[in-house]
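S.K.: The structure under discussion is supplied below as C-alpha cells; questions concerning it will follow.
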Protein chains: 2
Amino acid sequence: MSLLVVGSTALDTVHTPSGDSVEGIGGSANYFALSACHFGPVNLVGIVGEDFPKTFLGRLQSRKVDTTGLQQVRGQTFRWEGVYDDNLTDAKTVSTCLNVFEGFHPKLPASYRNATHLFLANIDPELQADVLSQVERPQVVACDTMNYWIQSKKNKVVELLPRVDIFLVNETEAKLLSEEATPYRAAMKILEWGPRVVIIKRGPYGALMVSRNAVFSSSAYLLADVKDPTGAGDSFAGGVMGYLYRERCGVDWGALKKGILFGASLASFAIEGFSVEHLESIDFTQVLSRYDFLVKMLALS
Amino acid sequence: MSLLVVGSTALDTVHTPSGDSVEGIGGSANYFALSACHFGPVNLVGIVGEDFPKTFLGRLQSRKVDTTGLQQVRGQTFRWEGVYDDNLTDAKTVSTCLNVFEGFHPKLPASYRNATHLFLANIDPELQADVLSQVERPQVVACDTMNYWIQSKKNKVVELLPRVDIFLVNETEAKLLSEEATPYRAAMKILEWGPRVVIIKRGPYGALMVSRNAVFSSSAYLLADVKDPTGAGDSFAGGVMGYLYRERCGVDWGALKKGILFGASLASFAIEGFSVEHLESIDFTQVLSRYDFLVKMLALS
C-alpha cells in the first residue's frame with residue numbers, strides 16, 4: 001500500500017483582501033501532500049528549479065512526504081501570481097511562468113510504481129494519463145483538472161475519465177466540461193464518461209459527491225475569516241485520499257463521506273494562512289477536532 | 001397552539017430560462033402557508049384586491065389554511081415582475097406595483113391573537129412590529145426581511161430583532177445588514193442584536209444556522225432542474241416553522257435541524273414549478289420522502 005501524488009510544485013504570489021504573499025510555497029502536489037501526510041506516508045512526484053527553497057524539502061520529509069520523485073533541475077521553479085477579490089472564490093491570474101514545469105515529463109521512481117492510492121493533481125491530462133500508465137495496479141485513482149485543460153484539451157480530459165475512480169472538479173469547471181447548467185446534471189454527464197464518483201468542489205459551500213446511485217452534499221468548515229483560498233481544493237483532496245488510504249479502502253461510499261469531512265477540515269486550515277504556512281503548522285489533533293465538529297454537526301439526534 | 005403567518009399575497013410575473021409565467025399566485029404568505037400546512041392548520045394574514053382569484057382562496061382553505069385574516073379590499077392585488085438569469089439565484093425586478101398592499105395595516109382577527117408560532121414574512125419592519133404586538137404570548141417568533149427594508153429602514157429591522165427568536169435572511173442580505181464580509185461574522189453580528197438563532201439562506205447551497213454556541217450547515221435538496229426559484233425562502237421557512245409547530249417545540253436546536261431539512265424538502269418542490277403550482281400539488285408523503293433522503297444522506301454510518 002502506498003499513496004502517490006503527481007502535480008505541480010510552485011512559488012505563488014497572491015493578493016487577497018487580507019494582504020499579499022510573495023513567492024510562497026505552492027502547487028497542487030505540495031498542498032495535497034501536506035494534507036494527506038496526516039494519514040500516512042506520501043510519495044510526491046513533481047519538478048522544481050534551482051531556486052526552490054531546499055529547507056522546504058526537509059520540511060516535507062519531516063512530515064513523511066517522500067521527495068525521491070521530486071525532480072530538481074536547472075532553471076526556475078514554476079511561478080503563479082493571482083488576485084482574489086472580496087468574495088475569495090476564483091482567483092484572477094496575473095501571470096503564469098511555467099519555467100521548468102514546461103519540460104515536466106514525470107517518470108515514477110521504481111519504488112512508487114506499486115502505489116495503491118493515486119492522486120493525479122491538476123496538470124496536463126496527457127501527463128496524467130502517462131503517469132497512470134506507470135502505476136502497476138492502483139486501487140483508487142483520483143484526478144483533478146482545471147478550466148485551462150478543459151478549454152484546450154477537453155478530449156484528453158474526457159479520454160482519461162474511464163481510467164479514473166474519483167473525479168474532483170470545481171462547480172464552474174464541472175459545468176464547463178459537461179456543458180450542463182446544474183451541478184447535478186453536470187455530475188451525471190461526467191459519470192457517463194467513466195468515473196465512479198464525481199466530487200464537485202463548491203468552495204465556501206462545501207462539496208457535492210455524486211455516484212450513479214447516491215448523492216452526498218457536505219458543508220465546508222465555517223470560518224470567520226479566510227486569508228488565502230489557494231490550495232483549498234488540493235488540501236481537500238488530500239483529506240479524502242489520505243483517509244481512504246489510512247482505512248485501506250477502495251471506492252467505498254461511507255469512507256468517502258468521512259473522507260470529505262476530513263478534506264473539509266484540512267482545507268479550512270489551508271485557507272487560514274497564506275501559502276502552506278498554516279496547513280504546515282497543524283497537527284492531527286487539530287484536524288480531528290474540526291472533523292469531529294462536522295460529524296457532530298451532521299448528527300440529527 | 002396555532003401557527004400564524006403575516007406577509008404578502010401577490011400576482012407574480014416571472015421570466016426564467018425555463019419560460020415565463022404571467023400573474024401566477026405568489027407572495028410570501030402564500031408560499032409559507034402552502035408549505036407549513038403539511039404540519040397543521042395555518043392562519044394567514046394578508047391583503048388582496050378584487051382581482052385576486054377567488055378559487056385560490058378555496059384551495060388554501062382545502063389545505064387547512066384559514067383565510068379569515070386575508071383582507072379583501074377594493075383595488076388591484078400587489079403585482080411583482082422579475083427576471084432570473086441562468087444562475088437562477090437573485091431575481092432582477094422589472095416592476096413592482098404595490099396596489100392594495102400600500103394601504104396594508106394588518107389587524108389580527110381575535111381568534112389569531114393566541115398564536116404560539118408566528119412567522120413575520122418579508123413586509124415593512126414597522127408592520128412586522130405592529131403585528132407582533134397584537135399576538136398575546138408567542139412561543140416562537142420567526143422573521144424574514146429583504147434588501148429593500150435593510151436599505152430603507154435598517155434601524156427598524158434592527159429594532160425588531162430583540163423581539164424575534166429566529167431571523168431568516170439570505171446571504172447577500174445578511175452581509176448587507178451586518179456590514180460583515182463572511183456569513184459567520186454576519187450571523188454573529190446579527191445575533192448580538194437579539195435573535196436567538198440566525199438562519200442564512202444560501203439558495204442552491206442550502207442554509208446555515210447559527211446560534212451563540214452552535215452551528216448547523218445543511219444542503220439544499222439537489223435537483224436536476226429548477227423552473228422558478230420564487231418563493232423558495234418562504235417555502236423553506238414554512239417547513240421550519242411548520243415542523244416546530246407540529247412538534248410543539250420552542251426554539252429547540254435539534255428540532256430546528258430537522259425543520260431545516262423539511263424546509264429544504266418543501267423549497268425543492270416549490271422551485272420545480274412556476275408560481276405555487278408544484279408546491280400546491282404535493283402531498284405529505286412526497287415531502288417526507290425528500291426529508292428522509294436528506295436524513296439518510298447526512299448519516300455517516
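S.K.: I need the full set of residues from the stretch B:58-94 which are out of contact with any His (no Cβ under 9 Å at 6 or more places or on another chain) and within 14 Å of another protein chain (Cβ to nearest Cβ), in order please.
M.R.: Those that are out of contact with any His (no Cβ under 9 Å at 6 or more places or on another chain) and within 14 Å of another protein chain (Cβ to nearest Cβ): B:ASP85, B:ASP86, B:ASN87, B:LEU88, B:THR89.
S.K.: In the stretch A:228-248, which residue that is surrounded by fewer than 22 Cβ atoms within 10 Å (Cβ to Cβ) and of a type in the set (D, E, K, R) is nearest to the chain's Cα centre (by Cα)? I'd like the intermediate steps shown before the answer.
M.R.: Initially, the stretch A:228-248 is screened for residues surrounded by fewer than 22 Cβ atoms within 10 Å (Cβ to Cβ), giving A:229, A:246-248.
Imposing the further condition that a residue be of a type in the set (D, E, K, R) reduces the set to A:246-248.
Working: A:ARG246: 17, A:GLU247: 19, A:ARG248: 19 Å.
The extreme case among them is A:ARG246.
S.K.: Here are some conditions: (1) away from chain B (no Cβ under 12 Å); (2) within 23 Å of B:ASP85 (Cβ to Cβ); (3) in a loop (DSSP other than H, G, I, E, B). A:GLU173 meets all but one. Which one does it not meet?
M.R.: For A:GLU173, the failing item is (3).
S.K.: Now a separate question. From the list B:THR93, B:THR67, which one is at pLDDT 95 or above, of a type in the set (Val, Ile, Thr) and under 22 Å from B:ASP144 (Cα atoms)?
M.R.: Step by step, each of B:THR93, B:THR67 is checked, and only B:THR67 is at pLDDT 95 or above, of a type in the set (Val, Ile, Thr) and under 22 Å from B:ASP144 (Cα atoms).
S.K.: Could you list, in sequence order, the residues of the stretch B:1-24 that are within 16 Å of B:SER95 (Cα to Cα) and touching a Lys or Arg at 6+ places or on another chain (Cβ under 9 Å)?
M.R.: B:ALA10, B:LEU11, B:ASP12, B:THR13, B:THR16, B:SER21, B:GLU23 - these are the residues of the stretch B:1-24 that are within 16 Å of B:SER95 (Cα to Cα) and touching a Lys or Arg at 6+ places or on another chain (Cβ under 9 Å).
S.K.: Quick one: in the stretch B:9-18, which of the residues that are modelled with pLDDT of 95 or more and surrounded by fewer than 24 Cβ atoms within 10 Å (Cβ to Cβ) is farthest from B:GLU81 (Cα to Cα)?
M.R.: Among them, the one singled out is B:THR16.
S.K.: Would you please list the contacts, defined by Cβ atoms under 6 Å and residues six or more apart or on different chains, that run from a residue in the stretch B:277-294 that is over 20 Å from B:VAL65 (Cα atoms) to a residue that is not in a helix (DSSP H, G or I)?
M.R.: Once the first residue is over 20 Å from B:VAL65 (Cα atoms) and sits in the stretch B:277-294, its partners that are not in a helix (DSSP H, G or I) give B:ARG290/B:TYR221.
S.K.: Would you check which residues across the stretch B:183-201 are in contact with a helix residue (DSSP H, G or I) (Cβ under 8 Å, 6 or more places away or on another chain), within 12 Å of another protein chain (Cβ to nearest Cβ) and either among the hydrophobic types (A, V, I, L, M, F, W, C) or surrounded by fewer than 22 Cβ atoms within 10 Å (Cβ to Cβ) (or both) and list them?
M.R.: B:ARG185, B:ALA186, B:ALA187, B:LYS189, B:ILE200 - these are the residues of the stretch B:183-201 that are in contact with a helix residue (DSSP H, G or I) (Cβ under 8 Å, 6 or more places away or on another chain), within 12 Å of another protein chain (Cβ to nearest Cβ) and either among the hydrophobic types (A, V, I, L, M, F, W, C) or surrounded by fewer than 22 Cβ atoms within 10 Å (Cβ to Cβ) (or both).
S.K.: If you go through the stretch B:34-79, how many residues are closer than 27 Å to B:GLY263 by Cα, in a loop (DSSP other than H, G, I, E, B) and touching a Cys at 6+ places or on another chain (Cβ under 9 Å)?
M.R.: Going through the stretch B:34-79 one residue at a time, the tally reaches 2.
S.K.: Kindly indicate the residue of the stretch B:109-156 that is small (Gly, Ala, Ser) and more than 25 Å from B:GLY26 (Cβ to Cβ) and also surrounded by the most Cβ atoms within 10 Å (Cβ to Cβ) among those meeting that condition.
M.R.: The selected residue is B:SER111.
S.K.: Something else about it: Find the helices (runs of 4 or more DSSP H) located wholly in the stretch B:81-170 whose residues include 3 or more that are of a type in the set (A, V, I, L, M, F, W, C) and more than 22 Å from B:PHE274 (Cα to Cα), and list them.
M.R.: Answer list for the stretch B:81-170: B:125-134, B:154-160.
S.K.: Could you please find all residues in the stretch B:244-301 being more than 16 Å from B:ALA220 (Cβ to Cβ), within 14 Å of another protein chain (Cβ to nearest Cβ), in a helix (DSSP H, G or I) and among the aliphatic types (A, V, I, L, M)?
M.R.: Across the stretch B:244-301, the qualifying residues are B:ALA255, B:LEU256.
S.K.: If you don't mind, there's one more thing I want to ask. Within the stretch A:25-32, can one find any residue that is buried (at least 22 other Cβ atoms within 10 Å of the Cβ), assigned to a strand (DSSP E or B) and β-branched (Val, Ile, Thr)?
M.R.: Among the residues of the stretch A:25-32, at least one is buried (at least 22 other Cβ atoms within 10 Å of the Cβ), assigned to a strand (DSSP E or B) and β-branched (Val, Ile, Thr), which makes the answer yes.
S.K.: So, one more: Any residue in the stretch B:14-42 that's over 12 Å from B:SER275 (Cα atoms): show its pairings with residues that are acidic (Asp, Glu) at Cβ separation under 6 Å, as long as the two are six or more apart or on different chains.
M.R.: Sorted first by the residue in the stretch B:14-42, then by its partner, the pairs are B:PRO17/B:ASP86; B:PHE32/B:ASP234.
S.K.: May I pose another question? Mind checking which residues of the stretch A:264-296 are β-branched (Val, Ile, Thr) and over 19 Å from the mean Cα position of the chain (by Cα)?
M.R.: Selection gives A:THR285, A:VAL295.
S.K.: Follow-up. Kindly indicate whether any position in the stretch B:192-210 is free of Cβ contacts under 8 Å to residues at least 12 places away in the same chain and part of a helix (DSSP H, G or I). Please lay out each step first, then the result.
M.R.: Just the residues of the stretch B:192-210 that are free of Cβ contacts under 8 Å to residues at least 12 places away in the same chain, to begin with: B:192.
Keeping just the survivors that are part of a helix (DSSP H, G or I) gives B:192.
The answer is yes; a qualifying residue exists.
S.K.: Here is a further query. Only one of (1) in contact with a Gly (Cβ under 9 Å, 6 or more places away or on another chain); (2) at positive phi fails for A:LEU266. Which number is that?
M.R.: With (1) in contact with a Gly (Cβ under 9 Å, 6 or more places away or on another chain); (2) at positive phi applied to A:LEU266, the lone miss is (2).
S.K.: With respect to the numbered conditions (1) crowded, with 22+ Cβ neighbours inside 10 Å; (2) touching a helix residue (DSSP H, G or I) at 6+ places or on another chain (Cβ under 7 Å), which one is the sole condition not fulfilled by B:GLY75?
M.R.: The one condition B:GLY75 does not meet is (1).
S.K.: Could you run through the stretch B:28-67 and say how many residues are out of contact with any helix residue (DSSP H, G or I) (no Cβ under 9 Å at 6 or more places or on another chain) and among the aliphatic types (A, V, I, L, M)?
M.R.: Result for the stretch B:28-67: 1.
S.K.: Further, regarding this structure: Taking interchain pairs and intrachain pairs at least six residues apart, which have beta carbon atoms under 6 angstrom, with the first residue in the stretch A:211-233 and more than 25 Å from A:LYS296 (Cα to Cα) and more than 7 Å from every other protein chain (Cβ to nearest Cβ) and the second part of a strand (DSSP E or B) and polar (S, T, N, Q)?
M.R.: Close Cβ pairs (under 6 Å, with a partner that is part of a strand (DSSP E or B) and polar (S, T, N, Q)) amount to A:ASP228/A:THR16.
S.K.: Same structure again: Return the total of residues in the stretch B:249-277 being among the β-branched types (Val, Ile, Thr) and either farther than 17 Å from B:VAL287 by Cβ or surrounded by fewer than 22 Cβ atoms within 10 Å (Cβ to Cβ) (or both). Spell out the reasoning first.
M.R.: Initially, the stretch B:249-277 is screened for residues among the β-branched types (Val, Ile, Thr), giving B:251, B:260, B:271, B:276.
Add one more test, that the residue is either farther than 17 Å from B:VAL287 by Cβ or surrounded by fewer than 22 Cβ atoms within 10 Å (Cβ to Cβ) (or both), and what stays is B:251.
Within the stretch B:249-277, residues that are among the β-branched types (Val, Ile, Thr) and either farther than 17 Å from B:VAL287 by Cβ or surrounded by fewer than 22 Cβ atoms within 10 Å (Cβ to Cβ) (or both) number 1.
The values are calculated or read from the model by the stated rules, or taken from the named source; none is laboratory data. All of these numbers come straight from a predicted model, not from anything done at the bench. Counting neighbours? That spans all protein chains shown, and the Cβs are built from the backbone with ideal geometry, glycine included.
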